[in-house]
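First the structure, in the form of structure tokens, and then the observations on it.
Laboratory data are not the source of any read-out in this text; all were calculated from the coordinates shown. What you are looking at is a predicted structure, and each value in this text was computed from that prediction instead of being measured. For neighbour counting, all protein chains shown are included, and Cβ atoms are generated from backbone atoms with ideal geometry for every residue, glycine included.
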Amino acid sequence: MKNVYLSSQANWYSKLLLTLIFLLALAVGLAAQSIKGQLLDGQSEMPLIGATVELLSLEPSRGTTTDGDGYFSFTDVPPGRHTLRLSYLGYEGRNLPNIVVTAGKETLLNLSLEESIAELSTVTVTAKTKPGESINDMATVSSQTFTAESVNRFAGGRADVSRMASNLAGVATSDDSRNDIVIRGNSPTGLLWQLEGIPIPNPNHFSTLGTTGGPVSALNPNMLGNSDFATSAFAAEYGNAIGGVFDLSLRKGNRDRYEFMAQLGTFSGLEAMAEGPLNNRGGSFVASFRNSFVGLAEAIGIPIGTNATPDYRDLTFNVDFGNSKAGRFSVFGIAGTSNIDFLGTETDSTDLFANPNRNSYVNSYFGVIGLRHNLITGENTYLRTIVSGSWQGNTFEEYAMNDEGGDGLIFTDVDDNTSRYSIKSYLNSKISNRLTIRTGLQAESIGLATLVDDRDGQPDRDGDGQQDLDRLRDFDGSFGLYQVFGQARYRVGSKMTLNLGLHSQYFSLSESFAVEPRLGLRYEATEKLTLNAGYGRHAQTPALPVYFFRDITTGSPDANQNLGFLLADHYVVGADLAFAPNWHLKTEVYYQGLSDIPVDNFPSSFSILNAGADFVFPERGSLTNTGTGRNYGLEVTLEHYFAKNWYLLFTGSLFESKYTGSDGIERNTAFNNNYVTNLLAGREWAFGKDQRHRFTINARVTTSGGRYFSPVDLERSREFQTDIRDESRAFTERYTPYFRTDLKFGVQLNSPSKKFSQSFFIDFQNLTNRENVFQERFNPVTGVVNTVYQSGFFPDIQYRVQF
């Protein structure tokens with residue numbers, strides 16, 4: 001019956017897709033390709049009027065100047081990759097390569113230049129090319145920008161920004177089932193997600209309370225603008241994170257014409273997107289809706305890692321109302337729902353997620369809506385305020401399967417719901433071409449209702465032959481997190497930049513307070529060599545589930561609510577050498593000292609540093625902030641930027657990640673891979689009349705050391721019929737190294753006479769069908785420990801039309 005349903009669903013989706021493509025083809029009109037954008041001062045964000053913009057990739061080259069709002073435009077631009085040169089008197093010039101133009105969409109750019117501090121009489125206009133530099137100029141080290149184009153280009157990415165980040169130095173990847181971001185050996189819970197400058201809940205489908213990753217991303221890369229990713233000693237405006245920051249921005253819609261896109265992808269699903277002008281003040285809108293299509297893969301017999309069919313959908317939008325006397329307002333949002341049923345009759349012992357003796361039902365949702373206001377308060381000063389509300393929830397019900405395959409005794413019942421109301425406001429002032437100051441505050445009101453009942457691992461106290469159903473969490477209330485920050489960027493000279501900052505935060509639930517100094521230094525030793533160094537103290541609240549676990553032995557519901565902030569001191573030094581045209585070599589050495597880590601209040605190997613890369617948190621009450629940890633390592637990035645139709649990226653990390661529990665013994669963390677390497681390369685060929693079409697090949701090879709794990713306590717696991725680990729031998733064993741190869745082919749066809757393009761990609765993931773270990777775990781059916789493997793060979797297919 002299930003396969004019949006899936007086949008019917010697949011046929012329905014196929015017919016719908018063909019209908020959409022037909023309607024889109026009818027709607028296409030005559031139009032020329034354009035490159036448009038706005039050029040701003042990088043520190044004050046004021047428009048640069050009369051700046052020169054040159055299109056260098058055409059013969060002959062073409063030039064234009066920016067208008068009174070800093071906008072520029074090039075029309076009749078042929079499809080392909082193009083290069084712009086930006087220049088303005090008194091500012092440092094800039095080259096922008098690899099601007100992708102297609103026949104189906106106008107290319108929209110948001111650009112900036114930095115004012116020179118040299119005397120005008122000695123200024124020599126030179127255009128620098130530094131792809132990947134952080135958008136946030138208050139960030140000195142361990143920060144870089146990623147683009148939506150790179151997310152869609154790289155092999156093995158599944159149109160997932162988290163998986164794209166796994167290609168960067170210092171980010172470990174050894175789990176195909178989830179996209180948790182493990183930075184320099186830190187737990188994934190150490191990551192801060194931000195959207196349009198405001199913290200957001202976990203932006204993944206099937207997310208659970210306190211986690212930051214999941215099986216499928218709800219972030220649509222087609223909706224994202226250039227965004228920053230920071231892995232250490234991040235700027236003072238970022239708080240409540242010790243591992244890293246993903247600072248996302250949504251792109252604006254086309255303010256001049258309406259455009260549409262439809263896409264079908266194995267993981268991203270069926271997508272429709274629309275954008276266009278909103279009013280005569282430069283306003284625009286862009287919105288996209290996606291619905292899962294994984295059921296099709298199962299219907300045609302391709303394994304997806306579980307016999308259950310995940311169902312999910314998400315909506316993303318950004319509405320910019322343009323300039324007004326009261327400033328510039330925009331409304332943005334993202335929302336998603338997901339559900340999946342694991343039925344024991346359709347599950348076997350090799351399933352990544354399910355127990356063949358149980359029926360499980362999973363539902364989750366999340367949503368964010370925000371209002372952003374930008375007000376120019378002076379010639380070089382602006383006030384930015386973001387107000388948002390976010391909601392997140394999940395339920396999980398697991399039943400013992402009765403003789404008929406239906407639901408019997410309930411084993412687990414989880415119902416978590418969180419709401420956050422936030423306001424963030426900061427004043428940015430460019431005092432001079434040397435000094436920029438940014439100060440601000442952020443306040444969050446957090447509401448939580450959590451109720452968890454569970455039998456797994458619990459004793460049979462009443463002697464009825466069944467494990468007792470114990471209440472592990474029961475809370476319904478609210479609390480606040482309040483943050484203030486100040487930071488300054490001072491250019492000591494034309495070669496040296498100093499960033500100073502101070503961040504502080506207060507958490508009302510535990511009445512904890514933290515003060516966090518930040519420092520960064522960048523020195524351009526030569527035209528080709530840049531040196532940098534940074535320090536930062538960072539504080540973070542433990543993940544919310546940790547605060548509300550009951551102490552089963554005492555029955556106390558608030559045994560963890562006095563836990564203070566986790567603390568991390570980051571130290572990093574690095575160098576970046578542009579040793580040849582389009583090449584650079586970057587290295588960083590870092591040390592991270594972790595303190596005030598929650599551990600048991602009696603001697604044990606437990607530490608919260610090992611939690612977060614799963615759907616649940618360990619059930620521990622009466623924790624205390626006495627644990628420690630340390631992460632240190634060396635990272636190398638060798639990159640050939642996309643030039644002359646090819647690119648190459650190699651990243652390598654050698655690191656150690658250790659922790660000490662309440663027993664005083666230092667051990668490997670669960671995230672200590674010791675090494676991670678990635679090699680990505682790609683080539684592009686233009687073909688057809690006017691070389692307007694493109695064929696691409698992208699490859700990726702990644703390997704990492706196996707993670708350490710605690711062996712199964714077989715005797716207790718058999719007694720309680722669930723997987724229980726031997727904590728006396730915590731993280732003493734190790735999985736085999738992870739290895740995976742992905743190969744992606746793509747073709748883009750651009751109409752010669754109409755504003756219409758179509759693209760097709762096929763990404764062969766785990767090309768060699770390598771059996772990477774997912775987990776060694778107790779199998780309640782056989783009573784022994786089985787090895788469960790991760791996803792095998794899988795072709796990810798994507799088709800897109802734009803007009």
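Some observations on this one:
- Gain on full extension, evaluated as 0.36 nm per residue between Arg734 and Ile376 minus their Cα-Cα distance, stands at 123.3 nm.
- Rough spin-label spacing in nm, given labels placed 7 Å along Cα→Cβ, for Lys689 and Ile665: 7.4 nm
- Its relative contact order, with pairs defined as Cα atoms under 8 Å and 6+ residues apart, puts the chain at 11 percent.
- Ranked Phe234, Phe579, criterion: other C-beta atoms within 10 Å, fewest first: Phe579, Phe234
- In Hz, Karplus ³J(HN,Hα) per residue of the stretch 630-637 (6.51, -1.76, 1.60; θ = phi - 60°; x = Gly, Pro): 7, 10, 8, x, 10, 10, 9, 10
- As a ratio to 2.2 N^0.38 Å, the alpha-carbon radius of gyration for the stretch 28-95 is 1.18.
- Fewest-first sequence of Phe745, Phe764 by Cβ atoms within 10 Å of each Cβ: Phe745, Phe764
- Rough spin-label spacing in nm, given labels placed 7 Å along Cα→Cβ, for Lys325 and Ser445: 3.2 nm
- Computed lengthening from Lys495 to Ser753, 0.36 nm per intervening residue step minus Cα-Cα distance: 88.0 nm
- Residues whose amide H falls under 5 Å from that of Leu195, counting only those 5 or more places apart or on a different chain, are Ile200, Leu248, with hydrogens built in the peptide plane.
- Those residues of the stretch 267-284 whose amide nitrogen sits under 17 Å from the label point placed on Asn110, 7 Å along Cα→Cβ: 275-278, 282-284
- Theoretical FRET efficiency, 1/(1+(r/R0)^6), r = Cβ-Cβ of Ser61 and Val589, R0 51 Å, to 0.05: 0.75
- Given Lys36/Lys252; Lys644/Lys755; Lys36/Lys644; Lys325/Lys430, the pairs whose alpha carbons are separated by over 19 Å: Lys644/Lys755; Lys36/Lys644; Lys325/Lys430
- Modelled FRET efficiency - R0 41 Å, Ile369 with Asn98, Cβ distances, 0.05 increments: 0.75
- One quarter of the surface of the convex hull around the alpha-carbon atoms of the stretch 477-546 equals 6.3 nm², the direction-averaged projected area.
- Proxy reagent accessibility, fewest Cβ within 10 Å first, across Ile198, Ile797: Ile797, Ile198
- In this rough spin-label picture, where each label sits 7 Å from Cα along the Cβ direction, the Asn769-Leu648 distance is 3.1 nm.
- For the chain, the longest principal axis of the Cα atoms and the long axis of helix 2-27 meet at an angle of about 10 degrees.
- ³J(HN,Hα) computed for each position of the stretch 766-775 - Karplus, 6.51 cos²θ - 1.76 cosθ + 1.60, integer Hz, glycine/proline x: 6, 4, 8, 6, 5, 8, 7, 6, 8, 5
- Answer label for volume of the Cα convex hull per residue in Å³ (calculated), chosen among (1) 147; (2) 290; (3) 191: (1)
- Counting only residues at least eight positions apart within a chain, or on another chain, the aspartates and glutamates with an alpha carbon under 18 Å from that of Lys744 are Glu149, Asp160, Asp176, Glu684, Asp763, Asp796.
- If a spin label sat at a point 7 angstrom from the Cα of Arg718 along the line to its beta carbon, the backbone N atoms of the stretch 761-790 nearer than 18 Å would be those of 777-787.
- Among beta bridges identified by DSSP and lying wholly in the stretch 123-262, the antiparallel ones come to about 75 percent.
- Built amide H within the under 5 Å cut-off of Arg707, gap 5+: Tyr735
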